[in-house]
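The values are calculated or read from the model by the stated rules, or taken from the named source; none is laboratory data. Keep in mind the model is a prediction, meaning the values are calculated, not measured. Cβ placement follows ideal geometry from the backbone for every residue including glycine, while neighbour counts extend to all protein chains displayed. Ligands, DNA and RNA are stripped out before the accessible areas are found, and what is left, the full protein with its side chains, is counted by its heavy atoms. Shrake-Rupley method; radii C 1.70, N 1.55, O 1.52, S 1.80 Å.
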Protein chains: 2
Amino acid sequence: MALTTRLTERLGIEHPIISAPMAFAAGGRLASAVTAAGGLGLIGGWYGDGDWLEQEFREAGNARVGCGFITWSLAKAPHLLDRALAHRPRAVFFSFGDAAPFAGDVKAVGAALILQVQTLKDAKAALDLGADVVVAQGAEAGGHGERRATLTLVPEVADAIARGGYGTLLCAAGGIADGRGLAAALMLGADGAVVGSRLWASSEALVHRNMLDRAIAATGDDTVRQKVTDIARGYDWPERYDIRVVRNAYVDRWLGREEEMRAAGEGERQRYAAGVSAGDASIGAAICGEAAGLIHDVRPAGEIVAALVGQAESLLGRAGRFVRT
Amino acid sequence: MALTTRLTERLGIEHPIISAPMAFAAGGRLASAVTAAGGLGLIGGWYGDGDWLEQEFREAGNARVGCGFITWSLAKAPHLLDRALAHRPRAVFFSFGDAAPFAGDVKAVGAALILQVQTLKDAKAALDLGADVVVAQGAEAGGHGERRATLTLVPEVADAIARGGYGTLLCAAGGIADGRGLAAALMLGADGAVVGSRLWASSEALVHRNMLDRAIAATGDDTVRQKVTDIARGYDWPERYDIRVVRNAYVDRWLGREEEMRAAGEGERQRYAAGVSAGDASIGAAICGEAAGLIHDVRPAGEIVAALVGQAESLLGRAGRFVRT
């Protein structure tokens, strides 16, 4: 069996699943494993280390993978895009900023242009920019995001695509960690899903085991959108975006005292970095979304994709049983 | 055609749709219209006016409707429950507080006990309390709520029900305004949906036309969870709950200045009340959720229910097309 949507047809993949290009966590091994499993794997380009990016493309070997960028960060080091494009990525994924300066270069090499948005307003801009795929990301997602929920943003963007007569495809992101979420996304009008947290908790992800254990022990109630983690890392994220993590002692200590924390400056950043290096999950953040409550193990990405698709197939195949004629 | 789920079978209704007992907006006319359309209509018991409640039960006539309470408010005037139960409601719906003191009385008269929750933790308490139906409400909902998203909370509660071997049914609430949302809810493991905002924008709802027009003009980007509206109304809501409304000049003026607003006291409350009375949508809040972006008209509740169910039937009936064997 296989799940066939416009996304699988357009991208020439087997399953309508794209792995989120999670900063730090999504390297070449994870991306190639997702591609090997029939989805589209993406390497996370994060905050601009070109050598790391090249290393991870090499790690992915001959697998057709893509990569993703934090757009506002790429704007500070735009040459990174050239280094990525030299590897002939299957797709380039942009989120958190204006991708207009980069769209042309991506299209010129024949890569799919995937634009992730968090609002209807930005979705409209992405459509006008000629995105091949728009990703509507809800606030339930792990890592960076905004306020809208996947459940309402996806159909609203689907309507904007239909009204405007765009040929753009649509993926849902945020909160999709099993076949129920994928089946729901297709019912909402998406052509596929971008999966983050569930693949963050995979054998191939570059995540410390202690952080994984913390996320597995958590329920969805235990995550929070906040800015403490970015202040601790010294990242200058635009005000509109914050980051969902599993709560821990460090977040609880500083939540609501962000100005004081900023004032603590370098010392606090060093303390955080030392905690992360030591794998201390009471300090370092498990960057996992509300789907933490749906994740109970760390498994190979291939198994995760297969289970996710298998459950969605079963649900969609039997969905007609609800309809009594 | 009809949508058949465990909810329709258990409650003896035609469609798996329950109308949210929205304070002020959901009177007897709306509740009876939803019941007449094949769902289960609920009257909103709000902040404790027993005469209003009785009047609305009379307005509903012979229709089998239920009613809902803001639990922390009911606890201050528990006799209201007796007045409601005297009308032999089909169901009583509690949200926002501990329903333990009331559950026994509801069960004693044979009404279905519906408990709405906003977290997994409260869902577990509701299951232990013997709820007939647990409603998992996501933050995308209009009106009061919390932080969890419908998309993750519903499957997580479904798992808790399955793990615990409960016979309890599950409804999704928050962000469900069309057949896409209802179909998605069923894929997530819900047995039905509680529909608020879409029915708030119905001909039968007790909502000023100017507020409806404001919500119709809004996109989902234009709503916000905040406390300004409750401060303006003088309601002493527990800290954990806030209220989603369509942004307007009044909310924008006070958002982030809540302490200053509280200090302004009675004068500010009078100014707000006068604005509401005058139907001034730049002051009074349109209490509508993110689904505002999916709502484009005010229609009779019966038409809304029929359209919602028809679209869900179509989507579910054709869902098997995604599966290629």
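Here is a yes/no grid of residues against (1) surrounded by fewer than 16 Cβ atoms within 10 Å (Cβ to Cβ); (2) not β-branched (Val, Ile, Thr):
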| site | (1), (2) |
| --- | --- |
| B:LEU74 | no, yes |
| B:ASP82 | yes, yes |
| B:ARG90 | no, yes |
| B:SER95 | no, yes |
| B:ALA99 | no, yes |
| B:GLY104 | yes, yes |
| B:ALA112 | no, yes |
| B:GLN116 | no, yes |
| B:THR119 | no, no |
Failed item, numbered, when A:GLU313 is tested on (1) closer than 28 Å to B:ARG147 by Cα; (2) surrounded by 14 or more Cβ atoms within 10 Å (Cβ to Cβ); (3) in contact with a Phe, Trp or Tyr (Cβ under 9 Å, 6 or more places away or on another chain): (1)
Evaluation of A:GLY284 against (1) open to solvent by less than 50 Å² (accessible area, probe 1.4 Å); (2) in a loop (DSSP other than H, G, I, E, B); (3) within 14 Å of another protein chain (Cβ to nearest Cβ) (one fails), failing number: (3)
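Could you please find all residues in segment A:247-273 being aliphatic (A, V, I, L, M) and either open to solvent by less than 60 Å² (accessible area, probe 1.4 Å) or assigned to a loop (DSSP other than H, G, I, E, B) (or both)?
Result: A:VAL251, A:LEU255, A:MET261, A:ALA264, A:ALA273.
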Positions within segment B:12-27 being surrounded by 24 or more Cβ atoms within 10 Å (Cβ to Cβ) and either among the small types (Gly, Ala, Ser) or more than 14 Å from chain A (Cβ to nearest Cβ) (or both), in sequence order: B:ILE18, B:SER19, B:ALA20, B:PRO21, B:MET22, B:ALA25, B:ALA26
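Checking the structure you have, find out if any residue of segment B:167-187 is touching a Phe, Trp or Tyr at 6+ places or on another chain (Cβ under 8 Å) and either at pLDDT 95 or above or within 15 Å of B:ILE295 (Cα to Cα) (or both).
Yes, some residue in segment B:167-187 is touching a Phe, Trp or Tyr at 6+ places or on another chain (Cβ under 8 Å) and either at pLDDT 95 or above or within 15 Å of B:ILE295 (Cα to Cα) (or both).
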Condition check for B:GLY50: under 27 Å from B:ASP230 (Cβ atoms) and away from chain A (no Cβ under 14 Å): yes
Every pair of residues 6+ apart whose Cβ atoms lie under 6 Å, when the first sits in segment B:251-276 and is within 13 Å of B:ARG233 (Cβ to Cβ) while the second is of a type in the set (Val, Ile, Thr) and assigned to a loop (DSSP other than H, G, I, E, B): B:GLY275/B:ILE283
Segment B:128-149, residues that are within 8 Å of chain A (Cβ to nearest Cβ) and under 13 Å from the mean Cα position of the chain (by Cα): B:GLY138, B:ALA139, B:GLU140
Filter result for A:ALA292 (in a helix (DSSP H, G or I), within 19 Å of the chain's Cα centre (by Cα) and not β-branched (Val, Ile, Thr)): yes
Matching residues, segment B:1-23, being out of contact with any Phe, Trp or Tyr (no Cβ under 9 Å at 6 or more places or on another chain), not in a helix (DSSP H, G or I) and not aliphatic (A, V, I, L, M): B:GLY12, B:GLU14, B:HIS15, B:SER19
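Listed here are the residues, each with its yes/no results for (1) outside any helix (DSSP H, G or I); (2) surrounded by 24 or more Cβ atoms within 10 Å (Cβ to Cβ); (3) without any contact (Cβ under 8 Å) to a residue 60 or more places away in the chain.
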site	(1), (2), (3)
A:LEU170	yes, yes, yes
A:ALA177	yes, yes, no
A:ALA185	no, yes, yes
A:GLY189	yes, no, yes
A:ASN210	no, no, no
Which numbered condition B:ASP230 fails, given (1) in a helix (DSSP H, G or I); (2) more than 30 Å from B:ALA33 (Cβ to Cβ): (2)
Enumeration of residues in segment B:151-168 that are surrounded by 22 or more Cβ atoms within 10 Å (Cβ to Cβ) and either within 20 Å of A:ARG318 (Cβ to Cβ) or of a type in the set (D, E, K, R) (or both): B:VAL154, B:PRO155, B:GLU156
Subset tally (residues that are more than 15 Å from B:ALA205 (Cα to Cα) and open to solvent by 20 Å² or more (accessible area, probe 1.4 Å)) for segment B:295-308: 3
Filter result for the condition that a residue is more than 14 Å from chain A (Cβ to nearest Cβ) and over 24 Å from B:GLY279 (Cβ atoms), over B:TYR235, B:TYR166: B:TYR166
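Determine whether B:LEU127 is in a helix (DSSP H, G or I) and in contact (Cβ under 8 Å) with a residue 40 or more places away in the chain. Please lay out each step first, then the result.
Numbers: in a helix (DSSP H, G or I): yes; in contact (Cβ under 8 Å) with a residue 40 or more places away in the chain: yes.
Yes, satisfied.
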Which numbered condition A:GLU290 misses (of (1) open to solvent by 20 Å² or more (accessible area, probe 1.4 Å); (2) within 14 Å of another protein chain (Cβ to nearest Cβ)): (1)
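For residues that are among the small types (Gly, Ala, Ser) and open to solvent by less than 20 Å² (accessible area, probe 1.4 Å), scanning just segment A:39-64, find the one that is farthest from the chain's Cα centre (by Cα). Before the answer, list the steps.
To start, the set of residues in segment A:39-64 that are among the small types (Gly, Ala, Ser) comprises A:39, A:41, A:44-45, A:48, A:50, A:60-61, A:63.
Applying the additional criterion that residues be open to solvent by less than 20 Å² (accessible area, probe 1.4 Å) yields A:39, A:41, A:44-45, A:50, A:60.
Details: A:GLY39: 14, A:GLY41: 11, A:GLY44: 9, A:GLY45: 12, A:GLY50: 20, A:ALA60: 18 Å.
It comes out as A:GLY50.
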Filter pass, A:ILE295 being of a type in the set (Val, Ile, Thr), in contact (Cβ under 8 Å) with a residue 40 or more places away in the chain, away from chain B (no Cβ under 14 Å) and under 30 Å from A:GLY181 (Cα atoms): no
Single condition B:ARG147 does not satisfy, out of (1) surrounded by 24 or more Cβ atoms within 10 Å (Cβ to Cβ); (2) of a type in the set (Lys, Arg); (3) part of a loop (DSSP other than H, G, I, E, B): (1)
Any chance B:VAL194 is under 15 Å from B:ALA26 (Cβ atoms), part of a strand (DSSP E or B), of a type outside the set (S, T, N, Q) and open to solvent by less than 30 Å² (accessible area, probe 1.4 Å): yes
